[in-house]
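Q: This structure is in structure tokens; I'll ask about it shortly.
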Amino acid sequence: MVVLSLIYQALIIILLLTFSFGPAFFALINTGIKHGYKPGSLLAIGIVLSDFMLCLAVSLVVHLGAINLLRSEKAQTFSAIIGGVILIAFGTFYFRKYTPKPEMVIEVNAREPHPFLLILKGFVINLFNPTVWFLWLGNVTAIGKTFDYSFIKMTVFFSIVLGATLAVELTKVYLAVKIKHFLTPRLMTIVNYITGSALIIFGLVLIYNHFFNVE
């Protein structure tokens, strides 16, 4: 029963991480479409690496019994404002992206970004999304009881979960690349605007909910 319960919870976590339509999702699909499989996969690696770091950090905090530190109102407000500003900055960047002229094919629409920058971009976009922090807080709290809050056991379990998550993320990039050849430069511009708008909206909502929405 315990094994089946862990498998069920692992599947739920994978679905939440890979199919929540947050900033990382839009950035991943956009990168796959614009630059191809390799750049998209590097962005996916950055996203999963940040998930792994967050998972380790939250697991350690829970293991040490300092979970109230993450739940404090000041910590949540600070992370939300910083994350909101970063998401808005990334969103604005998409509106400034170079768009090819109609006679140019999509494959040459932009020079491929540096691998390290792609990994860093995925890492930062995911890391500074407070929703991801709260998601991991819930995941670790729920799973921790099963492992008696053992840091090592939780680390092994979530490593396996994130390995499967990376496989799903790479599949998303692959599918994005497949539809790339059906997109015109005009549609690519629309994809950029949708991605940028989504990131800006996420950022504004985070800032509003944790700073301006005073009860």
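Q: Could you give every pair whose Cβ atoms fall below 8 Å, whose first residue belongs to region 154-180 and is under 16 Å from ILE143 (Cβ atoms), and whose second residue is part of a helix (DSSP H, G or I) and among the acidic types (Asp, Glu), counting only separations of at least 6 or pairs across chains?
A: Every condition considered, the pairs that remain are LEU162/ASP51; THR165/ASP51.
Q: Out of all the residues in region 77-84, is one or more surrounded by fewer than 17 Cβ atoms within 10 Å (Cβ to Cβ), part of a helix (DSSP H, G or I), of a type in the set (Val, Ile, Thr) and at pLDDT below 60?
A: Of the residues in region 77-84, the ones surrounded by fewer than 17 Cβ atoms within 10 Å (Cβ to Cβ) are 77-78, 81-82.
From what is left, the residues that are part of a helix (DSSP H, G or I) are 77-78, 81-82.
Cutting the leftovers down to of a type in the set (Val, Ile, Thr) gives us 77, 81-82.
Keeping just the survivors that are at pLDDT below 60 gives none.
Checking region 77-84: not a single residue is surrounded by fewer than 17 Cβ atoms within 10 Å (Cβ to Cβ), part of a helix (DSSP H, G or I), of a type in the set (Val, Ile, Thr) and at pLDDT below 60.
Q: Restricting to helices (runs of 4 or more DSSP H) lying wholly in region 1-64: which have 1 or more residues that are modelled with pLDDT of 85 or more, within 20 Å of HIS114 (Cβ to Cβ) and of a type in the set (D, E, K, R)? Let's see the steps before the verdict.
A: Details: elements: 2-18, 23-35, 37-63.
By residue number, 37-63.
Q: Scanning region 148-199 for residues that are aromatic (Phe, Trp, Tyr) and assigned to a helix (DSSP H, G or I), which turns out surrounded by the most Cβ atoms within 10 Å (Cβ to Cβ)?
A: Filtering region 148-199 for residues aromatic (Phe, Trp, Tyr) gives 149, 151, 157-158, 174, 182, 193.
Right, trim to assigned to a helix (DSSP H, G or I) and you get 151, 157-158, 174, 193.
Numbers: PHE151: 15, PHE157: 22, PHE158: 24, TYR174: 13, TYR193: 14.
Once the filter is applied, the top-ranked residue is PHE158.
The values are calculated or read from the model by the stated rules, or taken from the named source; none is laboratory data. As the structure is a prediction and not an experimental result, all values here were calculated from the model. Glycine gets a Cβ as well: all are built from the backbone with ideal geometry, and neighbour counts include every protein chain shown.
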